[in-house]
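Structure record follows, encoded as structure tokens.
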Amino acid sequence: MKFDFLLSQELCDKWGRNNGASPEELACLKECCADELPAVYLDFLAFSNGADTGIPVQPYSCILYQVKDVIELATSYDFVENLPGFFIIGSDGGGEYIILELKTSRVCCVNLPFTEEEILDIAPSFIDLLKMFGQRSEE
């Protein structure tokens with residue numbers, strides 16, 4: 001399984017695994033997104049519909065939204081016009097959005113309102129973000 005590294009009981013307790021999103025929820029998400037979402041992100045949502053954990057890099061907190069919340073943001077906020085090629089997938093719980101670059105699956109965070117210069121890289125790929133789940137900063 002693609003996400004076996006997240007299944008140890010100790011780690012599951014640190015990242016708040018949920019039941020996976022239903023095929024119907026995932027179909028709705030794909031339908032509301034004008035761009036194609038990375039398969040690894042969709043696979044993760046089928047594995048766990050959202051997550052809430054610490055990560056060892058800024059913003060140090062990672063709340064990945066459930067499908068229903070991602071759909072609500074995608075349909076109620078005109079994010080695409082302001083930062084094309086990115087998709088909101090979560091937040092840090094304190095005002096910064098966690099965003100996914102659609103072509104590369106790079107994960108970043110940004111405050112609103114924002115410009116491309118204000119993007120802070122979190123992980124070079126979505127899988128790299130998942131590998132940080134449950135880790136704490138050494139600072």
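For the residues A51, A74, the requirement of being small (G, A, S) and under 20 Å from P124 (Cα atoms) singles out A51. If you go through the stretch 56-65 one residue at a time, do you hit one that is at pLDDT below 95 and of a type in the set (S, T, Y)? The answer is yes, given that some residue of the stretch 56-65 is at pLDDT below 95 and of a type in the set (S, T, Y). From the list D13, D43, D35, D4, the one residue that fits, being at pLDDT 85 or above and among the acidic types (D, E), is D43. Among the residues of the stretch 1-21, which ones are surrounded by 15 or more Cβ atoms within 10 Å (Cβ to Cβ), of a type outside the set (G, A, S) and part of a loop (DSSP other than H, G, I, E, B)? F3, R17, N18, listed by residue number.
The values are calculated or read from the model by the stated rules, or taken from the named source; none is laboratory data. The model shown is predicted, which means the values in this text are computed figures rather than measured ones. Cβ sites come from the backbone with ideal geometry, for glycine too, and all protein chains shown count toward neighbours.
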